[in-house]
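First the structure, in the form of structure tokens, and then the observations on it.
The values are calculated or read from the model by the stated rules, or taken from the named source; none is laboratory data. Just so we're clear, the structure is a prediction, and the values are computed from it rather than from any experiment. Cβ placement follows ideal geometry from the backbone for every residue including glycine, while neighbour counts extend to all protein chains displayed. SASA here: full protein model, heavy atoms, side chains in, ligands and nucleic acids out. Shrake-Rupley method; radii C 1.70, N 1.55, O 1.52, S 1.80 Å.
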Amino acid sequence: MIEIQNLTKHFSTRVGNLVAVDNLSLSVGAGQIFGFLGPNGAGKTTTVRMLTCLLRPTVGTASINGFSIGRDEQEIRARVGLLTETPGLYDTMSAEKNLLLFGRLYGVKNPVRQVHRFLHMMELWERRHDAVGAFSKGMKQKLAIARAALHNPDVLFLDEPTSGLDPDIAKLVRDFILELKSEGRTIFLCTHNLDEAERLCDTIGIFKHRLLASDTPKNLRRKMFGREQVFRLVHIEAEWVQRIYHLPFVSQARAAGNQMYLQVDNPEEQNPAIVRQLVELGAEIQYVTEASHSLEEIYLRIIQEAEATN
Amino acid sequence: MNARRIYAVMDKEWTLTFHNWLVWVAILLPPAALAALLLCVCHQIHFVLDYVSQLLTQNKITQLKTDEWSAWLMDYFLMFFVALPAANATRFAAGGIIADKASRSLEPQLATPLTTGEFIFGKVLAAVVPPVFAAMAACGIFLHVTRSWGITQCHLLGNTGNWSCRAAIFTLTLLLTNLLALSGFIIASRKTEARGTSLTATSFAQFARFFPPACIYWGYKRQIAGATWALEIIGLLLLANAVLFLFSQALFQRETILFKWK
């Protein structure tokens with residue numbers, strides 16, 4: 001479980017004080033996948049570095065499974081796994097030796113057996129004796145993920161795990177992440193891939209130096225767009241939109257082409273009344289559905305609103 | 001300090017460094033060449049002193065302390081072996097940290113339970129052990145051959161066949177090399193550009209070549225050269241090593257080393 005309270009990181013640069021992370025507070029439950037979304041340079045990697053005790057926060061505290069950063073650094077490092085933005089593997093060493101090194105550094109019991117298990121799991125067994133320098137980007141990424149999970153950490157920080165991978169390997173990685181979740185591990189996933197975040201994450205946080213929004217994708221969608229209903233008609237008259245808008249439970253109404261978009265609180269109860277009203281007005285309804293908004297739309301709107309505020 | 005983690009760091013450094021056979025040549029050739037050169041010099045001196053001894057027995061010359069001459073030379077020659085591994089070890093220590101920075105492999109390592117002390121100890125020891133053992137092996141051969149020629153004494157450490165003398169040479173070499181390797185590590189941990197770092201660290205290590213002969217010169221001049229003097233130098237080096245090790249930990253900024261490019 002990850003608890004973050006007012007985490008802030010300032011960097012002194014030649015041009016002045018740079019605020020990389022500003023007053024970040026959030027909580028990630030045990031066994032959850034948390035998607036940390038944000039544009040490049042938003043401070044995601046800095047946050048991960050603070051949580052893995054690689055950087056000290058300027059202000060604020062955080063704890064991983066009850067261990068505080070800055071105080072219980074050894075305990076935290078032993079319990080978290082980190083996939084860095086760049087794999088950072090040793091090119092002249094074999095895949096097996098790369099993993100064995102980290103098995104020993106993490107104090108894994110019977111590291112050879114554990115390394116072999118992960119090499120099989122990541123489909124790298126046949127190439128275990130080859131120098132990593134000869135590996136493709138996907139193979140290196142799989143090896144780096146194996147390295148992060150080798151010591152069975154409670155919490156995994158994965159920075160762009162599927163970035164630049166072909167669909168086959170990306171799927172293998174996503175399946176592996178879900179398998180880790182099924183084992184009860186907490187996963188903190190930094191990604192730009194919104195489709196992946198939508199598929200994998202229980203909760204997401206949208207971040208640009210500060211936390212702009214954090215919730216489940218479904219709740220964020222509701223908060224941003226409400227429950228927008230789409231009524232497709234054979235044709236629309238402007239008067240109908242006005243009449244429907246005057247219904248007490250309709251908060252917004254607009255038309256686009258042959259479609260009428262209505263914002264309501266409880267579509268299950270209120271849609272039949274709208275349908276009745278439309279029929280009375282002489283409208284011919286082709287179908288009624290709920291508008292779906294992608295995570296990309298949510299993300300872009302939140303980021304744009306934050307930029308506009310700034 | 002966890003010995004298993006220190007050994008893991010050392011093993012990694014050796015695997016990365018010694019996969020190229022030319023590195024072995026770089027480690028073994030200088031001590032072998034030095035031993036060969038000094039043996040040639042000793043061989044010549046051995047014959048000259050032999051001839052001088054004959055002149056002494058024939059009373060053609062009255063007094064010449066041949067043993068003192070050879071002991072004095074042995075002091076200097078042994079110090080060449082003491083100073084020899086410093087340059088390679090410094091370069092290794094500096095190169096190890098620079099390579100980690102360049103390959104971005106430092107971050108995953110520092111995210112493990114490896115402490116700063118273990119990391120530095122492992123890296124420096126990995127850099128120090130091969131050159132020191134190569135130099136000591138060459139020194140052992142040199143001593144064996146010179147003893148067979150009857151050159152058995154040195155002023156500083158007494159009989160070269162004694163374990164105390166050999167242990168003192170080994171300790172001096174190890175401590176001096178370690179001191180310089182630690183300096184190389186500190187320089188490299190605070191710089192990023194590989195060529196500049198290698199140059200700075202190696203230039204720094206060159207000072208090591210002057211240190212042992214300078215100590216002996218000073219010892220002779222003040223007439224204190226001897227076993228006690230050697231022990232005092234060992235003590236001083238030990239203290240300097242401890243101070244520099246603590247200093248290297250304080251200067252090793254886990255934070256900035258990851259992203260600050262100097």
For this session: Grab the strands (runs of 3 or more DSSP E) fully contained in region A:209-304, keeping just those with 2 or more residues being surrounded by fewer than 15 Cβ atoms within 10 Å (Cβ to Cβ).
Result: A:250-256, A:285-290
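This table checks each residue for (1) among the β-branched types (Val, Ile, Thr); (2) closer than 27 Å to residue B:219 by Cβ; (3) touching a strand residue (DSSP E or B) at 6+ places or on another chain (Cβ under 6 Å).
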| site | (1), (2), (3) |
| --- | --- |
| B:92 | no, no, no |
| B:108 | no, no, no |
| B:111 | no, no, yes |
| B:118 | no, no, no |
| B:154 | no, yes, no |
| B:164 | no, yes, no |
Seminar exercise, completed: By residue number, the members of region A:19-42 that are loosely packed, with under 13 Cβ neighbours inside 10 Å and farther than 18 Å from residue A:191 by Cα are A:29, A:30
Problem set entry | Enumeration of residues in region B:114-137 that are open to solvent by 10 Å² or more (accessible area, probe 1.4 Å) and in contact (Cβ under 8 Å) with a residue 24 or more places away in the chain | B:115, B:116, B:121, B:125, B:129, B:130, B:134, B:136, B:137
For this session: Would you check which residues across region B:108-137 are within 13 Å of another protein chain (Cβ to nearest Cβ) and under 20 Å from residue B:29 (Cα atoms) and list them?
Result: B:126
For this session: Would you please list the contacts, defined by Cβ atoms under 6 Å and residues six or more apart or on different chains, that run from a residue in region B:223-236 that is touching a residue at least 40 places away in the same chain (Cβ under 8 Å) to a residue that is open to solvent by less than 70 Å² (accessible area, probe 1.4 Å) and among the aliphatic types (A, V, I, L, M)?
Result: B:225/B:156; B:230/B:156; B:230/B:157; B:230/B:168
Exercise. Quick check, is residue A:157 assigned to a strand (DSSP E or B) and either open to solvent by 10 Å² or more (accessible area, probe 1.4 Å) or touching a helix residue (DSSP H, G or I) at 6+ places or on another chain (Cβ under 7 Å) (or both)?
Worked result: yes
Problem set entry | Candidate set from region B:1-44 (those that are open to solvent by 40 Å² or more (accessible area, probe 1.4 Å) and more than 30 Å from residue B:123 (Cβ to Cβ)); member that is farthest from the other protein chains (Cβ to nearest Cβ) | B:44
Problem set entry | Flag if residue B:140 is under 15 Å from residue B:71 (Cα atoms), open to solvent by 10 Å² or more (accessible area, probe 1.4 Å) and either away from every other protein chain (no Cβ under 14 Å) or without any contact (Cβ under 8 Å) to a residue 40 or more places away in the chain (or both) | no
Exercise. Under 9 Å by Cβ, and 6 or more places apart or on different chains, what pairs join a residue from region B:89-105 that is more than 23 Å from residue A:84 (Cα to Cα) and more than 14 Å from chain A (Cβ to nearest Cβ) with one that is open to solvent by 40 Å² or more (accessible area, probe 1.4 Å) and charged (D, E, K, R)?
Worked result: B:94/B:191
Seminar exercise, completed: The one condition residue A:85 fails out of (1) touching a helix residue (DSSP H, G or I) at 6+ places or on another chain (Cβ under 8 Å); (2) within 12 Å of another protein chain (Cβ to nearest Cβ); (3) surrounded by fewer than 16 Cβ atoms within 10 Å (Cβ to Cβ); (4) free of Cβ contacts under 8 Å to residues at least 40 places away in the same chain is (4)
Exercise. Only one of (1) within 22 Å of residue B:10 (Cβ to Cβ); (2) in a loop (DSSP other than H, G, I, E, B) is not met by residue A:104, so which one is it?
Worked result: (2)
Exercise. Out of the residues in region A:170-205 that are under 8 Å from the mean Cα position of the chain (by Cα) and in a strand (DSSP E or B), which is farthest from residue A:21 (Cα to Cα)?
Worked result: A:203
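Per-residue answers, yes or no, for (1) under 30 Å from residue A:124 (Cβ atoms); (2) in a strand (DSSP E or B); (3) within 14 Å of chain B (Cβ to nearest Cβ):
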| site | (1), (2), (3) |
| --- | --- |
| A:17 | no, yes, no |
| A:22 | no, yes, no |
| A:40 | yes, no, no |
| A:46 | no, no, yes |
| A:50 | no, no, yes |
| A:54 | yes, no, yes |
| A:60 | no, yes, no |
| A:76 | yes, no, yes |
Problem set entry | Test: residue B:76 is modelled with pLDDT of 80 or more, assigned to a helix (DSSP H, G or I) and either away from chain A (no Cβ under 14 Å) or farther than 30 Å from residue A:77 by Cβ (or both) | yes
Exercise. Can you name the condition, by its number, that residue B:180 falls short on among (1) over 13 Å from the mean Cα position of the chain (by Cα); (2) assigned to a helix (DSSP H, G or I)?
Worked result: (1)
Exercise. Name the residues in region A:62-74 that are open to solvent by 30 Å² or more (accessible area, probe 1.4 Å) and within 14 Å of chain B (Cβ to nearest Cβ), would you?
Worked result: A:67, A:70, A:73, A:74
Exercise. Can you tell which of A:104, A:128, A:117 is free of Cβ contacts under 8 Å to residues at least 24 places away in the same chain and away from chain B (no Cβ under 11 Å)?
Worked result: A:117
